[in-house]
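To start, the structure under review is shown below, and the notes come after it.
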Amino acid sequence: MNRDAIEQEIADLIKEMLNLPFVDADTVLVGNTGVLDSMTIVRLLAEIEHRFEFTLDEDDLTLDSISNVKRLTEWVIKSRQASH
């Protein structure tokens, strides 16, 4: 699965989870203007772990790495490579 496909799947997952009309690479996920609360972050990360078949490394997880869809995609790709 290439980067664009991963990013699209993550964006679609967030749209589905939150019933949002639009999510793209620049959608802010956390912080004052973010669309995710703490419980939704946990649910999202669990679903990403399941869909992309890898184990999350919490030591590598920062708010910056999940600040928007683009950075979350980069983190997922890096985490998948590290787990294989």
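The values are calculated or read from the model by the stated rules, or taken from the named source; none is laboratory data. Since the structure is predicted, the reported quantities are computational estimates derived from the model, not experimental observations. Neighbour counts run over all protein chains shown; Cβ positions are idealised from the backbone, glycine included. Areas reflect the complete protein model, heavy atoms only, side chains present, ligands, DNA and RNA absent. Shrake-Rupley method; radii C 1.70, N 1.55, O 1.52, S 1.80 Å.
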Inset, instruction - Compute the length gained on full extension between ASP37 and ASP59: take 0.36 nm times their separation in residues and subtract their Cα-Cα distance, giving the result in nm to one decimal. - result: 5.9 nm
Inset, instruction - Please calculate how many Å² of accessible area region 26-84 carries per residue, with a 1.4 Å probe and no DNA, RNA or ligand atoms counted. - result: 62 Å²
Inset, instruction - Would you mind checking which residues have amide H under 5 Å from ASN68's amide H? H placed 1.01 Å from N; only 5 or more apart, or other chain. - result: LEU29
Legend entry - Mean separation of Cα contacts under 8 Å, 6 or more apart, over the residue count of the chain: relative contact order %: 34 percent
Inset, instruction - State the percentage of accessible surface on the chain attributable to carbon and sulfur atoms; use a 1.4 Å probe and exclude ligands, DNA and RNA. - result: 49 percent
Legend entry - With eigenvalues of the C-alpha gyration tensor scaled by 5 and rooted, the chain, Å: 19, 14, 12
Legend entry - Net charge over other residues, Cβ less than 12 angstrom from the Cβ of ALA82 (K, R count +1; D, E count -1): -1
